[in-house]
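All remarks here apply to the structure that follows.
Bear in mind these aren't lab numbers, they're just calculated from the coordinates by the rules spelled out. Keep in mind the model is a prediction, meaning the values are calculated, not measured. Every residue, glycine as well, gets a Cβ built from its backbone with ideal geometry; the counts of neighbours run over all protein chains shown.
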Amino acid sequence: MADLVAATGTVHWVGAGLSTGSGLAQLCEHTDGVRLWHRTAERAAEALGRLGLTGRAEPLAYTLEALTDRLAPGDVVVSMLPASEHPALLAACVARRAHFACSSYVSDAVLEQVLPARAAGIVVLTEAGLDPGIDHLFAHSLVARARRAIGDDTAATYRLTSYCGGVPAVPDDFRYRFSWAPLGVLNALRSPARHIEDGIETEVGRPWEATREHRVDGETFEVYPNRDSVPFIEQYELPRAWTPLTFVRGTLRLDGWLRAWGPVFERLRTGDDASIAALAEELAATYPTTDTDRDRVVLAVSLDVRVPGSGPGDTGDTGDRAGEVGNDRVWSGSYLLDLVGDEEESAMARCVSRPLALGVRHILDGSLAPGLSRAAETASRSEEWLRELADQGIGFTLRVRG
């Protein structure tokens, strides 16, 4: 592994869409070398004004060529662009030995560049937003607590669920508020999902057809699986001696969403790419996001571990120790983030941009190693990130039973 390229303090934040929020302001407090790249310099300046950052960051017109020309070794590029544009941005970073950060999942095209990035001594930080991002931190924390209580070599079964959604703070008839591009929302619904249910790997071609009710803190939501959950069993370091009965990472929606979106699903079943793109434009026009709208972000991650027939155990709420249910030892833990946006920024922008900015700060301070990092990769680092996010106004609750 090459030595880490020392960070210069210059941060190129690329894109000022719906998810760019106060995380950018926090970076401006941390370094005076922030540059905001957007479609035009004028649009970038408008975004800075909206965020109260006029004069604190340089507005620039984005093209890949223009950005590449300004890159120096040790700069940090933060991509808020669609995931399809990340490989080209990362390639420019590798060529210029600049670090790269985003909140998106790791694509195959990005993964192919991790070894060259490591050889160049640069950090590739991914999955460092809300979902993926904070959900990883919650899961790592819960798994570590359960491992301390149960033990890695003890045969056990477990159920891990991780559901996240951006919804309207005041429910509407559509039961949804677009917090990212409608076409992206529709295409995600067209992508198959794989998860574990009743101990069996299950794949659904149309994720919404697996929608079910899910109670969170006494409130009923609707949830469905999203993408491929199974690889995260290894990423979250769940012991091999434990057998998953349920393992699913998915999307959360308001109660009544499945019914309200019935006409949309009918078109998704039969439409081609062109008709789905047209549908996305119709939905954007019919359900626009306005300055008076308030959104709500709900992220609920829970883990239940059971050691069957193990006899009496500790009872009561004993932190990270397992309790007793019948003849089984049981440990349960859950994290809940439930945040409503305000007139200054949406909840989604806050929950995506602040973790990402925190990750960039860890690139700047040299605490991330060259190569790939997904948010915080370990339980101990996850606890650090959670403490830092709590200090920055991202509130959540942890409940442990057993």
* To do: Arrange the peptides 140-146, 44-50 so that the one whose residues have, on average, the most other Cβ atoms within 10 Å appears first.
  => 140-146, 44-50
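Pairwise over distinct Cα atoms, reciprocal of the mean inverse distance: report the Kirkwood radius of region 10-126 in Å, one decimal place. Numbers along the way, then the final one.
On the way: mean 1/r = 0.0706 Å⁻¹.
Computed over Cα pairs of region 10-126, the Kirkwood hydrodynamic radius comes out at 14.2 Å.
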* Structure fact -> So for R0 = 22 Å, FRET eff. of Val170-Thr220 from the Cβ-Cβ r, to 0.05, ends up at 0.85
* Structure fact -> Rounded to one decimal in nm, the spacing of the 7 Å Cα→Cβ label points at Arg50 and Glu85 is 1.5 nm
* Structure fact -> In nm, the gap between the two label points placed 7 Å beyond Cα toward Cβ at Asp198 and Thr154 is 2.9 nm
* Assuming R0 = 41 Å, what is the FRET efficiency of Glu65 and Glu388, from their Cβ-Cβ distance, to the nearest 0.05? -> 0.70
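Summing Lys, Arg as +1 and Asp, Glu as -1, what charge do residues with Cβ under 9 Å from the Cβ of Ala61 carry, Ala61 excluded?
That works out to +1.
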* Structure fact -> For region 324-402, shape from the Cα gyration tensor axes a ≥ b ≥ c, cut at a/c of 1.5 then a/b versus b/c, turns out oblate
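Can you give the local net charge around Glu203? Use residues other than it whose beta-carbon is closer than 10 angstrom to its beta-carbon, Lys and Arg +1, Asp and Glu -1. List each step's numbers first, then the result.
Working: positive: Arg194; negative: Glu201, Asp228.
Cβ neighbours under 10 Å give a net charge of -1.
Please list 299-308, 126-135, 3-12 highest first by mean number of surrounding beta-carbon atoms within 10 Å per residue. Write down the numbers at each step before the final one.
Details: 299-308: 22.2, 126-135: 25.7, 3-12: 18.2.
With the highest mean Cβ count within 10 Å placed first, the list reads 126-135, 299-308, 3-12.
Would you please put 338-348, 68-78 in order of how densely packed they are, using the mean number of other Cβ atoms within 10 angstrom per residue and starting with the highest? Don't jump to the answer; show the numbers that get you there.
On the way: 338-348: 18.0, 68-78: 19.7.
Result, highest mean first: 68-78, 338-348.
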* **Paramagnetic label zone (point 7 Å from Cα along Cα-to-C-beta, Ala119; backbone N under 19 Å) in region 1-18** => 1-5
* Once both axes come from the Cα atoms, what is the angle between helix 347-364 and the longest principal axis of the chain, in degrees from 0 to 90, rounded to 10? -> 70 degrees
* Simple spin-label estimate for Glu209 and Leu398 in nanometres, 7 Å along Cα-Cβ -> 4.1 nm
